[in-house]
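Notes for the one structure printed next.
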Amino acid sequence: MGDLSSYNISIIQLLQKNFIDSIFRAVEEVGIPFQSIGIEITETVFSSNFQEINRILGLLKSSGIQIAIDDFGTGYSSLARERELNVNCLKIDKMFIDKLLTMNEETTITSDIVSMSHKLGHCVIAEGLEHERQRDYLEKHGCDKLQGYLVSKPLDEDAAIEFANTYKRNAN
């Protein structure tokens, strides 16, 4: 989810009558592109009222807002419906990333999650990255983005902006 400001959204917020209007109004007032905003939801939001939630996510996604399912693999997963979801990315839960340190590479399913996500048309973000061994495995298996202490400790706003600017300079 690139250079985004991401926000965790609950099912209660998502289903509020004025949620979409308030998001659109806030983004326009700040004057940033919709593509710079990311919304993260957990799989459990789909456990009830699937059609309505997916409709709302579709409206947000069509505006350019990036949608990610957080903690993928730990909640309400219906692989039959994954292709239907109006989301851009799946964030693999830290539990799967931690297993990369204790399990044999041939027995962990993390690479299968990455492959399945790509086949469903989603990018993949691994969260909870703490060790080089995890990064090596994830890069080898095509994970799109990495998030965790190995990349950076949590930062306040000013430090995060400086980190992002330094990262951009080093990437060029």
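If you go through region 45-70 and keep only what is buried (at least 19 other Cβ atoms within 10 Å of the Cβ) and either under 11 Å from Leu85 (Cβ atoms) or not β-branched (Val, Ile, Thr) (or both), you end up with Val45, Phe46, Ile53, Leu57, Leu60, Gln66, Ile67, Ala68, Ile69, Asp70. So Asp71 fits all but one of (1) at pLDDT below 90; (2) in a helix (DSSP H, G or I); (3) within 27 Å of Pro154 (Cβ to Cβ); what number is the exception? Asp71 satisfies every listed condition except (2). Among residues that are touching a residue at least 24 places away in the same chain (Cβ under 8 Å) and loosely packed, with under 13 Cβ neighbours inside 10 Å, Gly148 is not included. Every residue in region 78-120 that is assigned to a loop (DSSP other than H, G, I, E, B), farther than 17 Å from Asp136 by Cα and of a type outside the set (Ser, Thr, Tyr), please. The answer is Arg83, Glu84, Leu85, Asn86, Val87, Asn88, Asp93, Leu120. Within region 88-104, being out of contact with any Asp or Glu (no Cβ under 9 Å at 6 or more places or on another chain) and either surrounded by fewer than 13 Cβ atoms within 10 Å (Cβ to Cβ) or in contact (Cβ under 8 Å) with a residue 40 or more places away in the chain (or both) holds for Asn88, Thr102, Asn104. Count of region 127-143 residues, restricted to those that are in a strand (DSSP E or B) and modelled with pLDDT of 95 or more, is 0.
Restricting attention to region 113-139, and to residues there that are small (Gly, Ala, Ser) and loosely packed, with under 15 Cβ neighbours inside 10 Å, which single residue is nearest to Phe96 (Cα to Cα)?
Our first condition is that a residue be small (Gly, Ala, Ser); within region 113-139, this holds for 115, 117, 121, 126, 128.
Narrowing the set further to residues that are loosely packed, with under 15 Cβ neighbours inside 10 Å leaves 115, 121.
Details: Ser115: 14, Gly121: 20 Å.
Among those residues, the one meeting the criterion is Ser115.
The values are calculated or read from the model by the stated rules, or taken from the named source; none is laboratory data. It should be emphasised that the depicted structure is a prediction, and the values quoted were computed from it without experimental measurement. Positions of Cβ are generated from backbone atoms using ideal geometry, with glycine treated the same way; all protein chains shown enter the neighbour counts.
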